[in-house]
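Below is one structure, written out as structure tokens; comments come after it.
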Amino acid sequence: MKRIDLHPLPVRVWHWINATSFIVLIVTGVQIRYRELVNIMEFRNAVDIHNDFGFILIGNFFIWLLFYLFSGKIKLYIPELNPKKLIAGSINQAKFYGYGIFMGDPNPHHPMPDDKFNPMQKTAYLAIMVLLIPAQIITGLLLWDVKLFQKWTTLAGGLKIVDSVHVFLFLFFTSFMFVHIYLATLGHTPFAHIKAMFTGYEELEEERHH
């Protein structure tokens, strides 16, 4: 086995804070949105917890942004600039996820410190971190204090538009959590990727790099 150091300590801490925040926000968001159907906690408590973890998520996002910008690791999220290579790589990865993995085929992408994400992951993570999470943060802030941000809410199309975007993204991120957890089990062992987010390294079979 070959030990590959993939995740620095700051990245691992950020990841688990992010994951915890997302789970809490999803649970409290369900309670807030469907309070007549769900009875996990008191509505007021759900709102307070949702707001608190919303701000934790905002702070964590800026920690991620500053770390990756100043360390130069932001390039890990930049997809292949050659469209043909990006499309070909994404198709090969999709074939592995949809078919090859069930046939025992090797993963076409082998995570390395300077190339952790496959083409599909790079495209998805870049869109999530640069577009979707900022959009969720902005709409969340507008809903957090409607009166304070009334002007900006109006410019965004009104409260219903802001609320609809926030809920749509909430549904997207809830779905993404399940997909993310599933994909995390597709390492050389079911818990290899998950273990790596605690230890910082993965152990890969030597012959996969020959």
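Things worth noting here:
- The stretch 26-49, subset touching a residue at least 60 places away in the same chain (Cβ under 8 Å) and of a type outside the set (Gly, Ala, Ser), residue nearest to residue 112 (Cα to Cα): 26
- For residue 68, the criteria (1) surrounded by 18 or more Cβ atoms within 10 Å (Cβ to Cβ); (2) in contact (Cβ under 8 Å) with a residue 12 or more places away in the chain hold in every case but one, which is (2).
- Elements of type helices (runs of 4 or more DSSP H) in the stretch 92-158, at least 3 residues being among the polar types (S, T, N, Q) and at negative phi: 150-155
- For the stretch 24-37, a residue qualifies if it is farther than 19 Å from residue 168 by Cβ and β-branched (Val, Ile, Thr), and exactly one does: 24.
- Test: residue in the stretch 99-122 that is at pLDDT below 90, surrounded by fewer than 16 Cβ atoms within 10 Å (Cβ to Cβ) and touching a Pro at 6+ places or on another chain (Cβ under 7 Å): no
- If the condition is being of a type in the set (Ser, Thr, Tyr) and either in a helix (DSSP H, G or I) or surrounded by 14 or more Cβ atoms within 10 Å (Cβ to Cβ) (or both), then the stretch 169-189 contributes 174, 175, 182.
- Residue check, residue 68 part of a helix (DSSP H, G or I) and under 17 Å from residue 182 (Cα atoms): no
- Residue that is modelled with the lowest pLDDT, among those in the stretch 184-210 that are among the hydrophobic types (A, V, I, L, M, F, W, C) and within 17 Å of residue 7 (Cα to Cα): 204
The values are calculated or read from the model by the stated rules, or taken from the named source; none is laboratory data. All values derive from a computational prediction rather than experimental measurement. Note that each Cβ is placed from the backbone with ideal geometry, even for glycine, and that neighbours are counted across all protein chains shown.
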